[in-house]
Amino acid sequence: MELKNRTLYCSLCAVTVLLCSSAVFAGDIVHHDDIAPKRPGCMNNFVLVKVPIWVDGKEIMEFVGVGARFGPTLESKEKRANQTKVALADPPDCCRTPRNKLTGEVIMVHRGNCSFVTKANVAEAAGASAIIIINNQTELFKMVCEANETEVRIGIPVVMLPQDAGASLRRNMKNSSHVSIQMYSPQRPLVDVAEVFLWLMAVGTILCSSYWSAYSAREAAIEQDKLLKDGSEEYLNKNHSSGVVDINTTSAVFFVVIASCFLVMLYKLMSYWFIEILVVVFCIGGVEGLQTCLVALLSCFRWFEHAAESFVKVPCLGAVSYLTLAVSPFCITFAVLWAVFRHVSFTWIAQDILGIALIITVLQIVRVPNLKVGTVLLSCAFFYDIFWVFLSKRLFHKSVMIVVARGDGSGEDGIPMLLKIPRMFDPWGGYSIIGFGDIILPGLLVAFSLRIPPLTISNSETILRSNRCFVPRDLSRYDWLSNKTLKTGYFLYAMLAYGLGLLITYVALNLMDGHGQPALLYIVPFTLGM
């Protein structure tokens with residue numbers, strides 16, 4: 001058998017990893033808090049704040065802080081944010097009236113010894129225009145009101161900066177006579193170009209996979225028709241392997257259990273070395289996918305037909321075409337270069353190429369045999385996605401899916417089993433991403449729905465349609481078996497439903513200020529409902 005069915009087995013081994021990454025997010029800019037209750041004067045959302053530092057009229061660096069639950073709303077545009085001189089608090093904790101006289105400066109204080117509201121009240125009474133509270137750690141902390149602080153009326157902005165920002169400010173203030181800052185909280189654009197391109201990539205990947213699968217099935221049917229002509233009874237009595245893995249109802253249900261266990265393992269073992277293992281797994285699957293796609297693409301050109309149809313035996317691999325041997329070194333080199341230089345800004349392009357090739361290949365060899373299995377699979381994935389994005393917070397105090405997708409605690413930008421594009425017009429930067437599972441799972445049902453063009457040889461159609469038990473698995477497509485056209489079949493509407501469901505996902509993502517969303521929560525109802 002061709003190398004395809006052997007080597008792509010590695011891709012199937014990685015499917016569990018791929019399906020665990022099933023979330024869409026763009027990086028939170030609003031941090032919600034469900035523990036501290038809101039009350040009058042203490043009802044702000046926790047927004048991220050940009051704090052550029054100016055020394056003698058020149059901007060030298062920028063830090064990111066977080067706004068308090070109390071105080072006025074910060075300006076959202078940089079050009080409207082005033083440059084204000086910074087003054088050190090004396091005493092540093094600002095728990096009592098400062099010794100130094102303030103005339104509208106931003107006062108920088110240390111955290112501790114009294115509540116955040118007390119510090120803000122003291123600073124405002126002393127004449128400060130804003131207060132910056134330096135945390136005693138490198139992380140940020142959500143500043144809320146104490147239980148006994150029922151009437152909070154703070155009229156100056158309150159922002160917390162991490163410990164390293166405070167050290168930098170103090171150092172510059174010692175070396176210069178004039179250090180000033182700006183404070184503003186820019187809003188994320190309603191739609192970023194990255195989301196548009198990511199939508200096109202996801203929809204285009206499923207569309208390409210579906211038609212490639214249909215074309216391959218049609219070619220296989222033509223080949224089988226020739227065998228039927230030579231001796232139909234002898235052919236029908238033989239067991240032929242098509243290299244396709246069918247999902248049954250039991251495996252669709254067990255998907256939730258297996259994927260959940262694997263997701264918890266990723267959550268618990270998330271570290272730098274574990275990310276390295278995932279990178280190796282992704283590279284193996286990416287090489288197989290890219291190799292398969294390139295071989296199929298090049299085989300369409302007459303210059304490569306002979307190389308694609310000529311085989312050589314390779315130990316442990318069996319018969320391998322010369323074309324496969326020719327493209328394999330390129331695919332391996334491509335994946336290795338991505339793994340080595342994956343921290344470079346533009347390598348997201350290579351990751352997306354490997355990911356798309358792998359998704360297309362998986363959709364070629366993993367198929368649902370009927371609508372019942374497809375419905376069960378997507379229904380299970382629907383509840384799986386909702387639980388691990390939203391409900392898992394109650395058990396693990398964090399969204400397990402989001403933590404795994406971002407690679408929190410690993411020192412990496414995230415796990416590689418994602419398609420991602422940098423946000424181009426977002427002042428906060430970051431990436432828009434989509435998990436492989438949000439493409440593969442709905443893609444299985446969409447690809448199943450595609451109509452295969454009927455064969456020109458009526459004999460094989462008669463045999464295949466009259467003997468359903470002998471229909472090859474490659475021909476198990478609903479629209480084809482039901483003799484439906486593109487307009488009257490399911491594929492066109494399933495494709496539109498997937499695109500619409502993914503579009504609604506990004507609308508919800510923006511309405512939630514970038515907080516991660518379970519894409520299948522929106523995609524599955526649209527796909528199955530349509």
Residue hits (region 128-174; among the polar types (S, T, N, Q), open to solvent by 10 Å² or more (accessible area, probe 1.4 Å) and within 24 Å of ASN100 (Cα to Cα)) are SER129, ASN136, GLN163, ASN172
Within region 107-127, the count of residues that are open to solvent by less than 10 Å² (accessible area, probe 1.4 Å) and basic (Lys, Arg) comes to 1
**OP:** Tell me, yes or no, whether region 358-372 has at least one residue that is in a helix (DSSP H, G or I), within 16 Å of the chain's Cα centre (by Cα), at pLDDT 90 or above and under 18 Å from ILE523 (Cβ atoms).
**Re:** yes
Exactly one of GLU149, GLU139 is assigned to a loop (DSSP other than H, G, I, E, B), in contact with a helix residue (DSSP H, G or I) (Cβ under 6 Å, 6 or more places away or on another chain) and either modelled with pLDDT under 90 or aliphatic (A, V, I, L, M) (or both), and that residue is GLU149
Taking region 213-256 and the residues there that are hydrophobic (A, V, I, L, M, F, W, C) and not in a helix (DSSP H, G or I), the one that is modelled with the lowest pLDDT would be VAL244
(Q) Among the residues of region 112-122, are any in a strand (DSSP E or B) and out of contact with any Cys (no Cβ under 6 Å at 6 or more places or on another chain)? (A) no
Contact list, first residue from region 99-119 and without any contact (Cβ under 8 Å) to a residue 24 or more places away in the chain, second anywhere and among the hydrophobic types (A, V, I, L, M, F, W, C), beta-carbon distance below 6 Å, six or more apart or interchain, is ASN113/CYS95; CYS114/CYS95
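Yes/no matrix, rows are residues, columns are (1) at pLDDT 85 or above; (2) outside any loop (DSSP other than H, G, I, E, B); (3) more than 30 Å from THR347 (Cβ to Cβ):
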residue: LEU419; (1), (2), (3): yes, yes, no
residue: ILE433; (1), (2), (3): yes, yes, no
residue: ILE439; (1), (2), (3): yes, yes, no
residue: PHE448; (1), (2), (3): yes, yes, yes
residue: PRO453; (1), (2), (3): no, no, yes
residue: SER460; (1), (2), (3): no, yes, yes
residue: THR488; (1), (2), (3): no, no, yes
residue: ILE504; (1), (2), (3): yes, yes, yes
residue: GLY514; (1), (2), (3): no, no, no
Quick count over region 274-293, residues being open to solvent by 40 Å² or more (accessible area, probe 1.4 Å) and out of contact with any helix residue (DSSP H, G or I) (no Cβ under 7 Å at 6 or more places or on another chain), is 3
Residue hits (region 290-323; in a helix (DSSP H, G or I) and in contact with a Leu (Cβ under 8 Å, 6 or more places away or on another chain)) are LEU290, THR292, VAL295, LEU298, PHE304, ALA307, ALA308, LEU323
Picking from ALA296, ALA319, ALA259, the residue that is surrounded by fewer than 16 Cβ atoms within 10 Å (Cβ to Cβ), modelled with pLDDT under 90 and in contact with a Phe, Trp or Tyr (Cβ under 8 Å, 6 or more places away or on another chain) would be ALA319
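Is it the case that some residue within region 65-80 is within 12 Å of ALA130 (Cβ to Cβ), assigned to a strand (DSSP E or B) and touching a His at 6+ places or on another chain (Cβ under 7 Å)? Working first, answer last.
Here is the first cut: in region 65-80, the residues within 12 Å of ALA130 (Cβ to Cβ) are 65, 67-68, 71-72, 74-75.
Imposing the further condition that a residue be assigned to a strand (DSSP E or B) reduces the set to 65, 67.
Cutting the leftovers down to touching a His at 6+ places or on another chain (Cβ under 7 Å) gives us none.
No: region 65-80 contains no residue that is within 12 Å of ALA130 (Cβ to Cβ), assigned to a strand (DSSP E or B) and touching a His at 6+ places or on another chain (Cβ under 7 Å).
Could we say that VAL47 is closer than 25 Å to VAL122 by Cα, aliphatic (A, V, I, L, M) and either in contact with a strand residue (DSSP E or B) (Cβ under 7 Å, 6 or more places away or on another chain) or at pLDDT below 90 (or both) here?
Criteria met by VAL47.
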When region 392-413 is checked residue by residue, the ones that are in a helix (DSSP H, G or I) and surrounded by fewer than 13 Cβ atoms within 10 Å (Cβ to Cβ) are ARG394, LEU395
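The values are calculated or read from the model by the stated rules, or taken from the named source; none is laboratory data. A quick note: this is a predicted structure, and the numbers were derived from the prediction, not measured. Counting neighbours? That spans all protein chains shown, and the Cβs are built from the backbone with ideal geometry, glycine included. For the accessible areas, the whole protein counts, side chains as well, though only heavy atoms, and no ligand, DNA or RNA atoms are used. Shrake-Rupley method; radii C 1.70, N 1.55, O 1.52, S 1.80 Å.
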